[in-house]
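Note sheet for the following structure.
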Amino acid sequence: MHPQPELNRLAIRKLVVRQHIALRRIECAEAAVHAVRPLEWLDRLMAFWRGLSPLAKAAAVPLALIVQRTAAPRLNLLGSLVRWAPLAFATIQGLRAAKK
């Protein structure tokens with residue numbers, strides 16, 4: 001059998017570990033509530049979208065495109081990539097060749 005002082009030390013250590021576990025459970029629950037907030041908002045948005053009539057849904061897509069074009073001018077990313085990609089690749093190849 002174990003001597004009494006060692007059993008007392010183990011009992012105290014067990015109590016500390018249990019308290020630490022309880023604290024971590026509370027922290028994890030708070031973190032889960034914080035992590036789920038965006039999903040809760042998305043769930044409400046999806047429920048609202050399902051409640052709309054099909055005609056309203058059909059009208060929402062063109063309306064969103066019009067708002068997007070007027071509010072934020074469209075960036076021609078593909079055109080920029082096509083224009084600058086050959087220069088970028090040539091520069092990278094030149095740097096690699098100079099490095100060797």
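The values are calculated or read from the model by the stated rules, or taken from the named source; none is laboratory data. Bear in mind that the values here come from a model prediction, so they are computed numbers and not experimental data. Heads up, the Cβs are rebuilt from the backbone with ideal geometry, glycines too, and the neighbour counts pull from every protein chain shown.
Observations, loosely collected:
- Out of THR91, THR70, one residue alone is surrounded by 10 or more Cβ atoms within 10 Å (Cβ to Cβ) and over 25 Å from the mean Cα position of the chain (by Cα). It is THR91.
Yes/no per residue for (1) in a helix (DSSP H, G or I); (2) surrounded by 10 or more Cβ atoms within 10 Å (Cβ to Cβ); (3) modelled with pLDDT under 80; (4) touching a helix residue (DSSP H, G or I) at 6+ places or on another chain (Cβ under 7 Å):
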position	(1), (2), (3), (4)
MET1	no, no, yes, no
ARG9	yes, yes, no, no
VAL17	yes, yes, no, no
ALA31	yes, yes, no, no
TRP41	yes, yes, no, no
TRP49	yes, yes, no, no
LYS57	yes, yes, yes, no
PRO62	yes, no, no, no
ARG74	no, no, yes, no
